[in-house]
Amino acid sequence: MAKHRKVQAASFFHSRLTSIISITLVLFLMGLIMLMGLLGNKLSVYVKENLSFSIVLKDNIKETDIQKMRNKLDALPYIKSTAYISKDQAAKELEEELGENPEVFLGFNPLQASIEVKLHAEYANPDSLQLIEQQIKRYTTVDELLYRKDMMEMVHNNMQRLGVILLALAAVLTLISFVLIGNTIRLLIYSKRFLIHTMKLVGATAGFIRAPFIRYNVVSGLIAAILAILLLTGTLYYLQTELEGLVQLLDIHTILIVDGAVLALGLLLSTIATIFAVNKYLRMEVDQLYYI
């Protein structure tokens, strides 16, 4: 008798451990997808807000007029920042790139002063840029606008494509996760199918029968979620040591959102899967229980 109980206890422990490990791996993958989605959004904002265009100014403009123009530009809702580049500074930057000073062989500085402008991410797209270009060209001090339209379009299209791919991947993984967790929990409840039928025979309500199974699997889901969060934390720590720029995109707020979502999914999916699994056996007649 004691040996039989030990075997039952070992089987129970093995089943629960297998269940927790399965749910942990599923939640870990879902956490990675959510993290990639949030990081992808932050990366999109970071890239777009670091794309700049130059407002080339006409010659012989007073410093006071340039400052007035910068103040007006900074006040516009779509502009994140501006930086003034004088003729001398532009010549120095060109010399650093080419290794030669253009004034030496030309006898004069051919470059013009300019204002480098960076936009807020939501305005860094081809449609908005056309409207912004029209508005800025109205200034009498502006000679022309210089920007890489093809690069702006490429970044915008690629970021949109990445968002769609991540959304589709998250939807598919959520469906797969529910199926995997459902199957894992169904296997655990399978051994208790005759107990469920006996409880039904003595008049126990469906809610009363479900309650212990829900509590049991919610605890398993909670443990699995905590383990998944620990795995995610370890993965992020490793990535941070390998990718130094990750710290600029990743913050505690993002990590807390992902951790909270993983915890909520662990509890929610375990609860829903348990209800579906128990309901399946509640609907069965005793004869059917022998053939599943």
Of (1) hydrophobic (A, V, I, L, M, F, W, C); (2) open to solvent by 40 Å² or more (accessible area, probe 1.4 Å); (3) closer than 26 Å to residue 18 by Cα, residue 258 fails just (2)
Pull up the stretch 224-236, narrow it to residues that are open to solvent by less than 70 Å² (accessible area, probe 1.4 Å) and touching a residue at least 40 places away in the same chain (Cβ under 8 Å), then point me to the one that is nearest to residue 284 (Cα to Cα).
224
Taking the stretch 184-193 and keeping residues open to solvent by 70 Å² or more (accessible area, probe 1.4 Å) and in a helix (DSSP H, G or I) leaves 186, 187, 190
Any hit, the stretch 114-121, residues being open to solvent by 40 Å² or more (accessible area, probe 1.4 Å), modelled with pLDDT under 85 and among the β-branched types (Val, Ile, Thr):
no
Boolean, residue 148 is more than 30 Å from residue 282 (Cβ to Cβ) and among the basic types (Lys, Arg):
yes
Considering residues of the stretch 58-102 that are open to solvent by less than 80 Å² (accessible area, probe 1.4 Å), over 19 Å from residue 144 (Cα atoms) and of a type in the set (D, E, K, R) only, the residue modelled with the highest pLDDT:
93
Name the pairs: first residue in the stretch 202-217 and of a type in the set (S, T, N, Q), second residue surrounded by 13 or more Cβ atoms within 10 Å (Cβ to Cβ), Cβ to Cβ under 6 Å, at least 6 apart or on different chains?
217/185; 217/270; 217/274
Of the conditions (1) open to solvent by 80 Å² or more (accessible area, probe 1.4 Å); (2) at pLDDT below 80; (3) not hydrophobic (A, V, I, L, M, F, W, C), residue 126 fails just one. Which one is it?
(1)
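The values are calculated or read from the model by the stated rules, or taken from the named source; none is laboratory data. This is a predicted model, so every value here is computed, not measured. Note that we place each Cβ from the backbone using ideal geometry, even for glycine, and neighbour counts take in every protein chain shown. All accessible areas refer to the heavy atoms of the entire protein, side chains included, with ligands and DNA or RNA removed. Shrake-Rupley method; radii C 1.70, N 1.55, O 1.52, S 1.80 Å.
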